[in-house]
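What follows is a short report on a single structure.
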Amino acid sequence: MGFSNTRPLWWDREVDEETGVRLRSDVREAAHRIWPWVRSKARKFLGDDSDAAAVLEKSVRSTSKYLDKAKQGLGVTAVDPLLTLACHRAFRRLAHKNGRLKYMGTSSELAELLRAPDWRSEVDSDLFFQ
């Protein structure tokens, strides 16, 4: 894979460097298909896409391991949704770990926090919420 300033690429490997186990070709192909989505989700959860490649590589490894353990043959299972879910969960964990994902409370607590008696307070609340 080449280097591009406008579109960073992830490192596609046939064999997992940590375990030496061969990664499934269907999972690797799915990774190429969902790569733009992965970068987009990285920006949403983390603020930029610098960790997108690492999350995708880890997700390829875990999804490949999961399908092998479940004895799913190539092409038997829809891989894209599994890999997408693995990436989504990894981004949520990483965002929470990095402090970018903070829970504000229940929906009723949030509504009370954002209730504004006049238009200036409403604008402040909108800015706070965003």
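The values are calculated or read from the model by the stated rules, or taken from the named source; none is laboratory data. Remember, predicted model here, so these are calculated numbers, not experimental data. With ideal geometry, Cβ positions are generated from the backbone for all residues, glycine too; neighbour counts draw on all protein chains shown. Ligands, DNA and RNA are excluded from the accessible area calculation, which covers all protein heavy atoms including side chains. Shrake-Rupley method; radii C 1.70, N 1.55, O 1.52, S 1.80 Å.
Listed values, structure above:
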{"read-out": "Label-point separation in nm, His88 to Leu74, each point 7 Å along Cα→Cβ", "value": "2.8 nm"}
{"read-out": "Extension reserve of the Arg22-Lys65 stretch, reckoned as 0.36 nm per residue once the Cα distance is removed", "value": "14.5 nm"}
{"read-out": "Area accessible to solvent at Thr63, 1.4 Å probe radius, in Å²", "value": "10 Å²"}
